[in-house]
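Values in this text are rule-based calculations from the coordinates and carry no lab data. Note that this is a predicted model, so its numbers are computed, not measured. Glycine gets a Cβ as well: all are built from the backbone with ideal geometry, and neighbour counts include every protein chain shown.
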Amino acid sequence: MKLKERLQGKLVKVRNTVGKTLIKAQTTLLDTSGASAVEVALAAVIAVVLALIIINAFTGIFSNTIIPGIQDKIKSIFSVT
Amino acid sequence: MKQITRIFTNITFFEIIVISLISLSAFLILFSAFVDPLMIIKGFLFTLCMIAISYCDVKTETIPNMLLIPLVLIGLIHVSWESLAGTAIAIPFLIAALVAKTEVIGGGDIKLLAAYGFIIGRGAVIGLLLGSLIFIVRYLYPRLKKKKVTYAFAPSLSLGCFFAFILV
């Protein structure tokens, strides 16, 4: 009985949080304000630069190490010597 | 609509000359950058919308929804799946606006970013990067002097997206 009540309480909390977030999202999207903080731009620059570095690193790893390695393995599997 | 009319009826002669010069130089840059006439027309309409939005943002720190609708219509020229993916660039900013306790980014800026993403596609990332750098260079000193917390983001973003439109 207690477990059921606790679960119901948590469910209500989750429902309230989701509802509040949706209302806030609606308010934000209906807002026409065009003013932003400098910190957001700073965060955007850092995020974009980090994302580009990570993508570049992953592309390098995949194209230079992983894919050639897989190709070698496949070649060795199918080589009939 | 009345708000936009009021903003643009109070335009001064000096501002008209500056806007005309910016439009002319943008057209010349687009003419030298693209061969496809449709892309030149798209770029020029895009530039005109960006100028109108930037002017509105500088004057009133608001971006009316009526000015964003033409951007979406311009984005329909050469539309692809990449255009739809480009709108996703606004999602992190929307999440930031939802999570933050104070106002860090305006709703108008989020919608503007989504519209630019729709037009430019994946190049909007470069536009965002350039625009943010211009915004930081322009407003970091006033921000450190604690004059204000929020500033008009649309002019910097427009400039960055214009260069991204040409480069990508």
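Summing charges over all other residues whose Cβ lies under 14 Å from the Cβ of A:A37, with Lys and Arg as +1 and Asp and Glu as -1, gives +2. Counting neighbouring Cβ atoms within 10 Å and putting the fewest first, the residues A:D72, B:D57, A:D31 line up as A:D72, A:D31, B:D57. If you add up the charges near A:T28, with Lys and Arg at +1 and Asp and Glu at -1, over every other residue whose beta carbon is less than 10 angstrom from its beta carbon, what do you get? Local net charge: 0.
Would you mind giving the mean number of other chain beta-carbons within 10 Å of the Cβ of each residue in B:94-104, as a whole number? Walk me through the numbers before you get to the answer.
On the way: counts 3, 1, 5, 8, 7, 2, 3, 0, 1, 6, 7.
Mean inter-chain Cβ contacts per residue within 10 Å come to 4.
Using only Cα atoms, tell me the angle between helix A:67-78 and the longest principal axis of chain A; keep it within 0 to 90° and round to the nearest 10. Roughly 50 degrees, rounded to the nearest 10. On a per residue basis, the convex hull of the C-alpha atoms belonging to region B:93-145 measures out at 87 Å³. Rounded to the nearest 0.05, the FRET efficiency derived from the C-beta distance between B:S20 and A:L22 at R0 = 51 Å is 0.70. For the protein assembly as shown, treating each Cα as an identical point scatterer without solvent, what Debye log10 I(q)/I(0) comes out at q = 0.07, 0.15, 0.16, 0.17 1/Å? Per q value, in the given order, log10 I(q)/I(0) is -0.33, -1.08, -1.19, -1.30.
Neighbour counts of other C-beta atoms within 10 Å: give me B:Y55, B:Y116 arranged from fewest to most. Don't skip to the end; give the middle numbers.
On the way: B:Y55 19, B:Y116 34.
In order of increasing Cβ crowding within 10 Å: B:Y55, B:Y116.
Ordering B:M50, B:M1 from the fewest to the most neighbouring beta carbons within 10 Å gives B:M1, B:M50.
Going by Cα centres, region B:1-44 and region B:68-108 are how many Å apart? Between the Cα centre of region B:1-44 and that of region B:68-108, the gap is 22 Å. In chain A, the longest principal axis of the Cα atoms and the axis of helix A:38-61 are about 30 degrees apart.
Ordered from longest to shortest, the equivalent ellipsoid semi-axes for region B:11-104 are 27, 22, 10 Å, each the square root of 5 times a Cα gyration tensor eigenvalue. Among the lysines of chain B, pairs that are 8 or more positions apart or on different chains and have alpha carbons within less than 19 Å of each other number 5. Under a Gaussian network description of chain A, with springs only between Cα atoms under 10 Å, the residue in A:V48, A:V12, A:V38 that fluctuates furthest is A:V12. A cut-off under 11 angstrom between Cβ atoms defines the neighbours of B:K59, and their net charge, with Lys, Arg +1 and Asp, Glu -1, is -2. Report the calculated FRET efficiency for B:L167 and A:A47 (r = Cβ-Cβ distance, R0 = 25 Å), to the nearest 0.05. Computed FRET efficiency for B:L167 and A:A47: 0.80.
Going through the DSSP H helices of chain B, which span 24 Å or more along their own axis at the Cα atoms while scoring at least 0.5 as a mean Kyte-Doolittle hydropathy?
Details: long enough: B:13-33 (30 Å, 2.38); B:37-60 (34 Å, 1.38); B:124-144 (28 Å, 1.64).
Length and hydropathy pass: B:13-33, B:37-60, B:124-144.
A Cα-only calculation for region A:8-81 places Rg and Dmax at 24.4, 71 Å.
For the protein assembly as shown, a crude dipole built from +1 on the beta carbon of Lys and Arg and -1 on the beta carbon of Asp and Glu, taken about the Cα centre, is about 1240 debye to the nearest 20.
Could you tell me the calculated FRET efficiency between B:I91 and B:K147, based on Cβ-Cβ distance and R0 = 35 angstrom, to the nearest 0.05? Numbers along the way, then the final one.
Values: r = 31 Å, r/R0 = 0.88.
After rounding, the FRET efficiency stands at 0.70.
Based on the convex hull around the alpha carbon atoms, chain B presents an average projected area of 10.3 nm².
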